[in-house]
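Asker: This is the structure, below, for whatever I ask next.
Here, each number is a calculation from the coordinates, and none is a lab measurement. Keep in mind the model is a prediction, meaning the values are calculated, not measured. Positions of Cβ are generated from backbone atoms using ideal geometry, with glycine treated the same way; all protein chains shown enter the neighbour counts.
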Amino acid sequence: MVKIYGYNKCSTCQKALKFLNAKGVEFINIPIVEQPPSKAEIRQMLTYLKVRGETFKNLFNTSGVQYRELGIGQKIKEGMTESQAIDLLSGNGKLIKRPFLLTEHNGRVGFKPDEWRKLI
């Protein structure tokens with residue numbers, strides 16, 4: 001089953017939902033702010049990111065207000081661990097880059113239609 005965590009006021013999330021609907025993909029749409037991905041789901045996403053040479057830093061919504069208010073960029077520079085990032089992200093969906101798409105065997109953060117076509 002495909003899961004997509006998103007925010008209903010996010011135009012990128014809306015585009016992603018339209019994309020999935022147009023492809024006839026069955027999915028579960030989960031509100032990321034009210035119900036952020038679990039630690040296990042974030043770890044799962046990290047395994048997919050690492051295959052592409054990315055790190056936990058790529059999970060953060062760097063353009064978000066809370067990212068700046070909490071000084072996450074500085075905390076990362078000062079040595080935030082992957083475990084600390086997972087704890088923080090699982091407790092605050094506003095910090096997570098969205099949409100957050102998990103399939104049975106892969107996942108993506110952010111919406112890039114070409115990449116999503118390969119997954120679906």
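Asker: Measure up Lys18/Lys57; Lys3/Lys97; Lys15/Lys50; Lys75/Lys112 against 18 Å on the Cα-Cα distance and list the ones that go over.
Answerer: Working: Lys18/Lys57 27 Å; Lys3/Lys97 15 Å; Lys15/Lys50 26 Å; Lys75/Lys112 28 Å.
Distance filter (> 18 Å) returns Lys18/Lys57; Lys15/Lys50; Lys75/Lys112.
Asker: Here's another thing I want to ask about it. If you build a Gaussian network model of the chain, linking Cα atoms that sit under 10 Å apart, which residue out of Asn92, Asn21, Asn29 swings the most?
Answerer: Among Asn92, Asn21, Asn29, the largest GNM mean-square fluctuation belongs to Asn21.
Asker: Within the set of other residues whose C-beta is less than 13 Å from the C-beta of Gly71, count the net charge using Lys and Arg as +1 and Asp and Glu as -1. It would help to have the intermediate numbers written out before the result.
Answerer: Numbers: positive: Arg68, Lys75, Lys77; negative: Glu69, Glu78.
Computed value for this residue: +1.
Asker: Would you order Lys50, Lys3 from fewest to most other beta-carbon atoms within 10 Å of each residue's own beta-carbon? Don't skip to the end; give the middle numbers.
Answerer: Values: Lys50 13, Lys3 16.
Arranged by neighbour count, lowest to highest, Lys50, Lys3 become Lys50, Lys3.
Asker: Moving on to the next point. Full extension from Lys112 to Ser11: what is 0.36 nm times the residue separation minus their Cα-Cα distance, to one decimal in nm? Provide the component values of the computation, followed by the final result.
Answerer: Values: separation 101, 0.36 × 101 = 36.36 nm, distance 1.31 nm.
Contour length minus Cα-Cα distance gives 35.1 nm.
Asker: Additional query: For Leu20, Leu102, which order do you get if you count the other beta carbons within 10 Å of each Cβ and list the fewest first? Could the numbers behind the result be given before it?
Answerer: On the way: Leu20 19, Leu102 24.
Least crowded to most crowded, the residues run Leu20, Leu102.
Asker: Give, in whole angstrom and from largest to smallest, the semi-axes √(5λ) of the equivalent ellipsoid of the range 39-103, with λ running over the eigenvalues of the Cα gyration tensor.
Answerer: Working: eigenvalues 65, 35, 23 Å².
Ellipsoid semi-axes (Å, largest first): 18, 13, 11.
Asker: Length gain on complete extension for the stretch Glu78 to Glu26, per 0.36 nm per residue less the alpha carbon to alpha carbon distance? List each step's numbers first, then the result.
Answerer: Numbers: separation 52, 0.36 × 52 = 18.72 nm, distance 4.13 nm.
Full extension from Glu78 to Glu26 adds 14.6 nm.
Asker: Where both residues lie in the chain, what percent of DSSP beta bridges are antiparallel, nearest 5? Write down the numbers at each step before the final one.
Answerer: Numbers: 7 of 12 bridges.
That works out to approximately 60 percent antiparallel.
Asker: Evaluate the Kirkwood expression for the hydrodynamic radius of the chain, namely the inverse of the mean inverse distance over all pairs of different C-alpha atoms, and round to one decimal in Å.
Answerer: Details: mean 1/r = 0.0692 Å⁻¹.
Hydrodynamic radius (Kirkwood, Cα pairs) of the chain is 14.5 Å.
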